[in-house]
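Below is one structure, written out as structure tokens; comments come after it.
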Amino acid sequence: MEKLKALILLIVVASLGVACKKHVIEFKSEPLAPNAAEFQLHYFVPVVAGAANNITKIDLNGVTILEDATTLSTYNAVPSGGVGRFYATNPGVANLKLYRGPSKELVYDQDITFREGKQNIFVYDFSKPPIIINNGYPYPGVVTDTTAKSSWIRFYNFLFESGNTPTPLRLQYQYQYNMDPGVTDQRSEWLNVGNPVAFGEATDWIEVPVIKHPNNYISGGTERIDYRIRVIGADGTDLGPLQVLNSSNVMVDYSDWWNATIGRCAHHILGGYRVTTPISSVRLFYAR
């Protein structure tokens with residue numbers, strides 16, 4: 001009997017060994033070089049949204065990195081398909097070509113100087129080199145033994161006035177949050193998202209409080225945050241709210257809101273035209 005038990009145990013162990021060999025999980029990936037340049041490509045030329053203006057092919061140094069199956073739509077970014085994805089290349093000068101619409105018309109042919117690390121590449125004018133902004137990685141975070149109460153945002157100014165004229169305005173992005181959701185619903189004062197930024201600039205990552213509703217305390221944590229934009233003079237004077245054209249063809253004070261989620265980092269990118277169409281708005285992209 002003991003010999004039978006030992007034989008059965010041996011068979012079971014052998015079977016487990018075979019099973020492990022048959023179910024090895026492998027991830028198809030290639031390690032990055034220690035000094036690799038990683039980038040996300042943003043398309044913020046102020047054009048009308050639609051298939052005719054979508055980027056349907058992208059070449060980097062003669063190698064196609066996007067075509068057909070995926071397109072880069074207006075006021076959007078690639079690589080798509082998930083948060084925190086980047087293209088990888090070598091630091092140094094590289095040539096970028098963009099092709100537009102179903103006919104793949106060549107509309108952009110510029111050289112870029114890639115830097116080591118993560119960066120965001122903004123194509124904002126078909127006739128000019130892109131603007132490169134450091135991605136701000138590694139992203140901020142907090143360690144806590146209770147529920148966290150923070151998300152992080154960066155604001156980018158890619159607002160045009162009209163035609164090919166970038167805005168000359170320095171913009172201060174501000175937020176307001178609910179300090180006591182579901183109870184008093186008291187709102188905070190308006191708080192700055194970093195410092196004012198000119199066209200083609202971005203703030204640092206700024207921590208934004210996310211206070212959970214008491215009825216949803218055992219949750220990931222998402223709450224509404226309101227936003228506005230102030231115009232700041234060269235001497236630091238607040239010149240009043242940013243005026244933008246709305247969808248009813250009326251100039252109004254800019255305002256908007258987004259839900260913020262605890263632990264996440266989001267790029268808030270203002271693009272489009274301030275005084276004509278296509279009208280301006282903030283587009284949000286998650287870094288984490």
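For segment 131-172, which semi-axes, largest first and in whole Å, follow from the square roots of 5 times the eigenvalues of its Cα gyration tensor?
On the way: eigenvalues 236, 32, 8 Å².
For segment 131-172, the ellipsoid semi-axes come out as 34, 13, 6 Å.
So what is the accessible area of the chain per residue, in Å², with the probe set to 1.4 Å?
On the way: 15520 Å² over 288 residues.
Computed with neighbouring chains in place, this is 54 Å² per residue.
If contacts are Cα pairs under 8 angstrom and at least 6 residues apart, what is the relative contact order of segment 41-189 in percent?
Numbers: 227 pairs, mean separation 27.1, N = 149.
Relative contact order, segment 41-189: 18 percent.
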Over 5 Å intervals from 0, what percent of Cα-Cα pairs in segment 167-240 sits in each interval? 3, 15, 21, 19, 14, 11, 8, 6, 3, 0
Among 89, 199, 245, which residue has its Cα positioned farthest towards the positive end of the charge dipole of the chain, with +1 placed on the Cβ of Lys and Arg, -1 on the Cβ of Asp and Glu, and the dipole taken about the Cα centre? 89
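Quote the FRET efficiency, to the nearest 0.05, computed for residue 238 versus residue 204 with a Förster distance R0 of 22 Å and r equal to the Cβ-Cβ distance.
Values: r = 20 Å, r/R0 = 0.93.
With a Förster radius of 22 Å, E is 0.60.
Which whole-number percent is the relative contact order of the chain (Cα, under 8 Å, 6+ apart)? Don't skip to the answer; put the middle values down first.
On the way: 624 pairs, mean separation 46.2, N = 288.
Result for the chain is 16 percent.
Multiply the residue separation of residue 104 and residue 88 by 0.36 nm, subtract the distance between their alpha-carbon atoms, and state the gained length in nm to one decimal. Intermediate results must be reported in sequence, preceding the final value.
Numbers: separation 16, 0.36 × 16 = 5.76 nm, distance 2.38 nm.
Length gained, residue 104 through residue 88: 3.4 nm.
Multiplying the sequence separation of residue 95 and residue 115 by 0.36 nm and subtracting their Cα-Cα distance, what value in nm do you get? Before the final figure, lay out each step's value.
Numbers: separation 20, 0.36 × 20 = 7.20 nm, distance 1.40 nm.
Taking residue 95 through residue 115 to full extension adds about 5.8 nm, to one decimal.
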Starting from 0.36 nm per residue, how many nanometres of slack lie between residue 255 and residue 184 once their C-alpha separation is accounted for? 23.2 nm
Add -39500 (n - 2.57) for each DSSP H run of 4 or more in the chain, then divide by its residues: what number comes out at 222 nm, to the nearest 500 deg cm²/dmol? -2500 deg cm²/dmol
Quick one: plug the Kirkwood hydrodynamic radius of the chain (C-alpha pairs) into Stokes-Einstein at 25 °C, 0.890 mPa s, and report D in µm²/s. 112
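How much FRET efficiency would the formula 1/(1 + (r/R0)^6) give for residue 195 and residue 286, where r is the Cβ-Cβ distance and R0 is 25 Å, rounded to 0.05?
On the way: r = 23 Å, r/R0 = 0.92.
The pair residue 195/residue 286 has a calculated efficiency of 0.65.
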Area of residue 67 that stays accessible when all protein chains are in place (1.4 Å probe, Å², to 10): 80
Separation of the residue 127 and residue 67 label points, Cα + 7 Å toward Cβ, nm: 2.9
What distance in nm separates the simple spin-label points at residue 176 and residue 48, each placed 7 Å from Cα in the Cβ direction? 3.6
Taking the alpha-carbon centre of each part, the distance from segment 171-242 to segment 80-109 in Å is 33
For residue 80, what accessible area in Å² do you get when you roll a 1.4 Å probe over the heavy atoms of the protein chains, rounding to the nearest 10? 50
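The values are calculated or read from the model by the stated rules, or taken from the named source; none is laboratory data. Predicted, not measured: the structure shown is a model, and the values here were computed from it. With ideal geometry, Cβ positions are generated from the backbone for all residues, glycine too; neighbour counts draw on all protein chains shown. Only protein heavy atoms, including side chains, enter the accessible area calculation; ligands, DNA and RNA are left aside. Shrake-Rupley method; radii C 1.70, N 1.55, O 1.52, S 1.80 Å.
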